[in-house]
Structure formats: structure tokens, C-alpha cells
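K.L.:
Dropping the structure in here first, questions after.
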Amino acid sequence: MASMMNSMEFVSLVVPPKERLVGRMWWFAIQEDKILIQQESAATTVPLLNDFAELALPILRRHYLGRLGRRHCFTVEVPKGSSPPAGMRFECLRQIYGQLNETLYSVAGRALQIVDWDRTHQFCGRCGTKTRTHMTERAKECPQCGLLHFPRLAPAIIVLIQRGREVLLARARRFETPMYSTLAGFVEPGETLEEAVMREVKEESGITVKEIRYFGSQPWPFPHSLMVGFTANYANGEITVSDGENVDVRWFTADSLPELPGKLSIARKLIDWFVERQAESLSTLSGNSSR
Ligand SMILES: [Zn+2]
């Protein structure tokens, strides 16, 4: 098992090799927004099979994804209503975060997005003709007008705002629990990422920010976002909650944080980063003082 995990580097490919594929392959089977997983004693994994036909499940579409180590990876879409084979189940990707190995989890996210894109691009958006899958690129091609439809990615910014020792967090209307998170929103056509940060913060909280810095990014396949994370500092303005997305926006200190999003999200990574930095600056302070 250890040697297999060491060789789990993923290489994204569109066209499978010409020779007949042999050996067991990873099958990322998607049903609506769920993925087929297998429970092997304590471990959660995706099916590793010579051929998906072994499961006797119908499929609607199939894409080659590439190689994970030396194993080939495919994604298939299973029609709604098909029951999973014994010992397997369909699960939302969000629910199995932390259970599935990290590399498998990230390939599963790709699979989910590719299946969703294929399913929603069956007809040309310009002339309505039935599209076909491009032979060498990850694209759906219109045989009538030639328009190519690539997998859809919606970039969204997410930003952690600091004011001295405080962090700005919002409780969104859509949250089911009294959870607070960092501000986030989709990038609009024509905007830079920094402009999107400025606009979203202004719309959602009424304040303006400065010193916007890139933090990191995260694919968010629910269904096709790319979260681009930033940190920023408070510049001026008073908090006003008016755009209807949030029910509350306020400043918190690291030792009085509310309920936070789960470890999966970049929002949580941003908040954890803030908490760590606060702890570091505190320890520096106490190290320098006589207390
Ligand atoms: Zn067309």
C-alpha cells in the first residue's frame, strides 16, 4: 500500500494510449453530483478494476482522465436511479473529504467537473446542433459551426481581511448553521482579481481594503469554481450589511472566533493562517516583555 501511495502522481491526459490498456485502472463513476466509492475495511477508495463493465452498471458517457502513477484513470457517468454494487455507495464529494486519499480526492474533483461539463454541453450554445467530443482536446465541438466548448471554470475570489488583531467574517444567509466565513464572490467579466476583491468587499461589508495579496488557490468542483484566495488589510469605512447575501458581518479576534467552515475549504485555510500569525505575534510579544 505504501509503495502505491508514493507513486500517486497524477498526469492529466485527454487521449488514452493507442495500445490496449491492461491492468487495473481507477474508475471515477459519477451519478448526478455523487461519486461511487468503495469501503475496504477502514479505507475509503474508488473502484480499481480492469474494466468498469465488471460492475454491471450502465454508463451514459466516458472520458479518459490520465494516469495516476502507472495506472490509467477514467471517469464515467452512471444514470440516475442505478443502484451501487454491493460494498459500494454513491457519496457527495464534500462528505468524503478526509476519508479519501488526497490525490484520489483531487482527481475525483476533476472527474465531477468533466462529467458535469459534458452533460451540460450536449448542444452547441450558438447554433443548437448536437455537439461531439473533440478527438484530441478536452472540448465539445459543434460539427455545424465549429464552435468549441471547453470545460467551464468560474473563478471566484475569497479574501481574509484584517484590522489590527481582528478578522472580518460574515454569516451568509445560505449557511445552515450559525457559521461565519471569509468574504467571497464570483469574478465578473472584465474585472481583474483585485478589482473583484475590492467590489465584493464593498458590496458585502461596506468597507474598503488595501494591500491585497495573493494567498493561494483551490479547485472547488461544486460544480465548477476555482477559488482564488487573498489577504487584505482594512482601509476605511463602517460595516453595513445590505446586499442580502449575509445576515451578519463583524470583526472577530483570534480568541473569540465563531463556528468556522470545515477543513476542506480555502476559507478555513485562510482563517487558520490568521490564527497562527496571531499566536506567533503574541509569542514574540511575550518573549520581548518582562511578563
Ligand atoms: Zn454550432
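Let's see how each residue does on (1) within 16 Å of the ligand (Cβ to nearest atom); (2) surrounded by 18 or more Cβ atoms within 10 Å (Cβ to Cβ):
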residue: CYS127; (1), (2): yes, no
residue: GLU137; (1), (2): no, no
residue: LYS140; (1), (2): yes, yes
residue: LEU148; (1), (2): yes, no
residue: ALA154; (1), (2): no, no
residue: LEU160; (1), (2): no, yes
residue: ARG163; (1), (2): no, no
residue: LEU169; (1), (2): no, yes
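K.L.:
Just the residues that are outside any loop (DSSP other than H, G, I, E, B) and more than 15 Å from VAL247 (Cα to Cα), please, taken from region 184-193. Show your work before the answer.
P.N.:
In the first step, residues of region 184-193 are kept if they are outside any loop (DSSP other than H, G, I, E, B); the result is 184-186, 193.
Within region 184-193, GLY185, PHE186, LEU193 meet the criteria.
K.L.:
Checking the conditions here, which among ALA42, ALA86, ALA29 is closer than 30 Å to ILE266 by Cβ and at pLDDT below 95?
P.N.:
Working: ALA86 fails: closer than 30 Å to ILE266 by Cβ; ALA29 fails: at pLDDT below 95.
None of the other options fit; the residue is ALA42.
K.L.:
Looking at this structure, is ARG89 of a type in the set (D, E, K, R) and closer than 30 Å to THR231 by Cα?
P.N.:
Working: of a type in the set (D, E, K, R): yes; closer than 30 Å to THR231 by Cα: no.
So ARG89 does not fit the description; no.
K.L.:
Something else about it: For region 171-183, which residues satisfy the criterion of being surrounded by fewer than 24 Cβ atoms within 10 Å (Cβ to Cβ) and part of a strand (DSSP E or B)?
P.N.:
ARG171, ALA172, MET179, SER181, listed by residue number.
K.L.:
Pull out all pairs, ordered by first then second residue, where Cβ-Cβ is under 9 Å, the residues are six or more apart or on different chains, the first lies in region 25-45 and is under 20 Å from MET8 (Cβ atoms), and the second is of a type in the set (Gly, Ala, Ser) and surrounded by 15 or more Cβ atoms within 10 Å (Cβ to Cβ).
P.N.:
Close Cβ pairs (under 9 Å, with a partner that is of a type in the set (Gly, Ala, Ser) and surrounded by 15 or more Cβ atoms within 10 Å (Cβ to Cβ)) amount to PHE28/ALA108; PHE28/ALA111; ALA29/ALA111; ILE35/ALA29; ILE35/ALA108; ILE35/ALA111; LEU36/ALA29; ILE37/ALA108.
K.L.:
Considering only region 214-267, state which residues are at positive phi and in a strand (DSSP E or B). Steps first, please.
P.N.:
Within region 214-267, the first condition is being at positive phi, and the residues that meet it are 216, 237, 244.
Within region 214-267, GLY216 is the sole residue that qualifies.
K.L.:
Separate question: Which of the residues belonging to region 18-30 are in a strand (DSSP E or B) and farther than 14 Å from ARG110 by Cα? Even if it seems obvious, please write down each step before you answer.
P.N.:
Taking region 18-30 and keeping what is in a strand (DSSP E or B), we get 25-30.
Hit for region 18-30 is MET25, nothing else.
The values are calculated or read from the model by the stated rules, or taken from the named source; none is laboratory data. Everything quoted here is computed from the prediction, not taken from an experiment. Here the Cβ is made from the backbone with ideal geometry for all residues, glycine too, and neighbour counts use every protein chain on show.
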